[in-house]
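Below: one structure in structure tokens.
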Amino acid sequence: MNPSSRDDFTEFGKLLKDKITQYEKSLYYASFLEVLVRDVCISLEIDDLKKITNSLTVLCSEKQKQEKQSKAKKKKKGVVPGGGLKATMKDDLADYGGYDGGYVQDYEDFM
């Protein structure tokens with residue numbers, strides 16, 4: 001294939017993507033892409049390279065947001081320590097032999 005128009009390059013890009021992403025499960029895939037992109041971008045002008053860099057930075061930010069949201073959802077589903085019960089001071093004092101009112105009143109009269 002020898003692309004010459006915008007549509008040709010779009011089609012060529014789709015074919016390359018399909019061919020390359022077949023190997024995304026490989027251990028060496030990320031390092032392969034790093035070297036490939038660097039080698040392909042060497043001949044680009046600085047403005048074009050900045051556009052590509054910005055595009056990849058936006059992609060990275062979106063991925064980080066998605067990862068953070070998925071981790072936050074997993075944390076919300078966790079078990080609350082102590083069985084999720086919350087005891088109040090009144091409940092705590094009532095458990096110790098019915099001194100609920102007397103104990104609190106002694107300290108209220110102190111001042």
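Only the coordinates and a few stated rules stand behind these numbers; no lab work does. Worth saying up front: this structure is predicted, and the values here are computed from it rather than measured. Every residue, glycine as well, gets a Cβ built from its backbone with ideal geometry; the counts of neighbours run over all protein chains shown.
So which residues in segment 4-13 are surrounded by 10 or more Cβ atoms within 10 Å (Cβ to Cβ) and closer than 18 Å to ILE52 by Cβ, if there are any at all?
PHE9, THR10, PHE12, GLY13
Considering segment 36-48 alone, what residues qualify as being among the β-branched types (Val, Ile, Thr) and either at positive phi or surrounded by 10 or more Cβ atoms within 10 Å (Cβ to Cβ) (or both)?
Hits for segment 36-48 are VAL37, VAL40.
To continue, here is another question. Could you look through segment 16-30, keep only residues that are more than 22 Å from the chain's Cα centre (by Cα) and assigned to a helix (DSSP H, G or I), and pick out the one that is surrounded by the most Cβ atoms within 10 Å (Cβ to Cβ)?
By that ranking, first place goes to ILE20.
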